[in-house]
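Below is one structure, written out as structure tokens; comments come after it.
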Amino acid sequence: MTATTAGSPGTEAAVRPPRNPARWMILGVICLAQLTVLLDNTVLNVAIPSLTEEMGAATSDVQWMLNAYSLVQAGLLLTAGNAADRYGRKKMLATGLGLFGIGSLLASLSTTTGELIAARAGMGVGGALLMTTTLAVVVQVFDDEERPKAIGLWGAVSSLGFAAGPLIGGALLDHFWWGSIFLINLPVALIGLVAVLKLVPESKNPSGDRPDLLGALLSTIGMTGITFAIISGPVHGWTSARVLLSAAVGAVALAGFALWERRIPYPMLDMHFFRNSRFVGAVAGGILVAFGMGGSFFLLTQHLQLVLGYGPLATGLRMTPLALVIVVLNLTGVGARMLPKVGTPVAIAGGMGLLAAGLAAIATLGAHGYGGMLLGLVLMGTGIALSMPAMANAIMSAIPPEKAGVGAGVNGTLQECGNGLGVAVLGAVLNSRFAGLLPAVAAGAGSLPAALERVRTPAQRAAVADAFASGVHTSQLVGAAAVFAGGVVAAVLLRRAERAGAPGS
């Protein structure tokens, strides 16, 4: 059979389906939709002062404006992926664009905080459909040879969205009212919708699995509960009733989801995937890369603004090298070309090692200036560009093609949870170290501004600043250690899967 497959070009063409001639245009449309979704994860941050002033928004209102989008999106990712597999990925992609566009229009026209929160939640529903269907369509449209490069470009857009949000938001707010940050989504959604209907081929699970309604309900409750706990922890305290109750509800629902999925004939997420070392290794690596990336963005903004003294716009500009390195390396196909040469385990371990080295370089060399930090940002960008596409490809190739939507949902869920955990855990390390080093006059202050309000002398002010800088330094090193350990674990599991000849390896 091997000899026949490797025979004449005509025989090979008969074995491999013809490539879609519009596949790169389809990828461009998908990336545009993906960029818009991810921009909305960060773009609202720069509008908080305007919203507080014009709407009279309280702190709790602002928190819900920010979190309604990510909370709904994270809670629905697995359900959205399952719906895409069952009812058609093209249909769900078009539906997601439509919901996202309508939500954006309503958000831009909001006159009260309640209206804006509701509109952001609606955008989260569209965002969940887009996050899952975009990657699922990439898997369907591109064959095994071109898929790593396509996923690399998809991943580059994801990184660009996180970094570009504050810059785009700041530029719009300099010239227009706060609603403009949502209004710019409308032409993108409209163009994307037309292009999807015209270019993207329909694909869905040919077996026609029955709807797993209880699984969808349990996964949504579970992910929403866990995400809400992660979001609320830094604000309300990790031992508060709100956090403990939501975490408990989420954990119980997810445990029930896992038990239910093992019992039914048509599960939303086949739990047997977790017996595949390739899948488990990619999942472990994916969580910790997102952990390092989400936590590092959280720490970098504080490092640049509160330790080095840069303003918001200057901070955003100084973080762009990280995104630019990721985009350039993926646009030039460096990661995609290296993947078949070095193998998935080496690509993931090497990428996560570079990400860890970047975090460590920022902690040690960037403590007192931007020069050392720049080196760390370049190392981090290189590591993310190598590891994230390799992990996404490993997850998607370990799952049958007819379950591509669920695979994309798993990948998106990992990113959401990893980002949230990175902020939560590294933020807790920062706060613990900061509190332990504060001078007596500022003891008990919960933040750097609060501590600075209590001090009276230059020496005390310097001691508070040093305590915060030490907290940032320690948390960055903890993040580096976690990412490096994750790279080793992922590489070992993936290597074991390759040696055992696991499916998809």
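Of the trypsin sites (Lys or Arg not before Pro) in the range 406-456, the ones in a loop by DSSP (not H, G, I, E or B) with at most 10 other beta carbons within 10 Å are 456.
Taking all protein chains together and rolling a 1.4 Å probe, residue 87 ends up with roughly 110 Å² accessible. Distances between placed amide hydrogens fall under 5 Å for residue 270 paired with no residue 5 or more residues away or on another chain. Loop-resident GluC sites (Glu not before Pro) (DSSP state other than H, G, I, E or B) in the range 103-178 with no more than 13 further Cβ atoms inside 10 Å of their Cβ: 145. Residue 334 exposes around 40 Å² of accessible area when a 1.4 Å probe is run over every protein chain in place. The Cα atoms of the range 341-399 give a gyration tensor whose axes a ≥ b ≥ c have a/c of 1.5 or more with a/b greater than b/c, which makes the shape prolate. Of the residues 151, 167, 236, the one whose Cα sits farthest towards the positive end of the charge dipole of the range 143-284 is 236 (charges of +1 on Lys and Arg Cβ, -1 on Asp and Glu Cβ, taken about the Cα centre).
Per residue, the average separation of C-alpha pairs within less than 8 Å and at least 6 apart gives the chain a relative contact order of 20 percent.
Of the chymotrypsin sites (Phe, Trp or Tyr not before Pro) found in the range 171-266, the ones in coil according to DSSP and having at most 14 other Cβ atoms within 10 Å of their Cβ are 176, 177, 238. Ranked by solvent-accessible area (1.4 Å probe, protein heavy atoms only, all chains present), the residues 135, 374, 66, 339 order from largest to smallest as 374, 66, 339, 135.
Taking every full run of DSSP H in the chain, the ones that stretch at least 27 Å from end to end by Cα along their long axis and average 0.5 or higher on the Kyte-Doolittle scale are 23-42, 89-108, 113-141, 147-175, 213-236, 241-263, 277-302, 312-331, 344-365, 370-398, 404-437, 458-500. In the chain, the DSSP-assigned H stretches of four residues or longer account for a calculated mean residue ellipticity at 222 nm of -27500 deg cm²/dmol, using -39500 (n - 2.57) per stretch and the full residue count as denominator. Rounded if a/c is under 1.5, else prolate if a/b is larger than b/c, else oblate: which is the range 270-504, with a ≥ b ≥ c the root eigenvalues of its Cα gyration tensor? Taking the square roots of the gyration eigenvalues as a ≥ b ≥ c, the range 270-504 is prolate. What you get for the range 20-202, charging only the Cβ of Lys and Arg (+1) and of Asp and Glu (-1), is a dipole of about 500 debye around the Cα centre. Kirkwood hydrodynamic radius computed over the range 20-202 comes to 16.5 Å, based on all pairs of distinct alpha carbons. Lysine pairs in the chain with alpha-carbon atoms under 20 Å apart, 8 or more places apart or on different chains: how many are there? Lysine pairs satisfying the spacing and distance rule in the chain number 8. What you get for the chain, charging only the Cβ of Lys and Arg (+1) and of Asp and Glu (-1), is a dipole of about 860 debye around the Cα centre.
The values are calculated or read from the model by the stated rules, or taken from the named source; none is laboratory data. Quick caveat: nothing in here was measured; it's all calculated off a predicted structure. Glycine gets a Cβ as well: all are built from the backbone with ideal geometry, and neighbour counts include every protein chain shown. Protein only, heavy atoms only, side chains kept; ligands, DNA and RNA dropped before computing areas. Shrake-Rupley method; radii C 1.70, N 1.55, O 1.52, S 1.80 Å.
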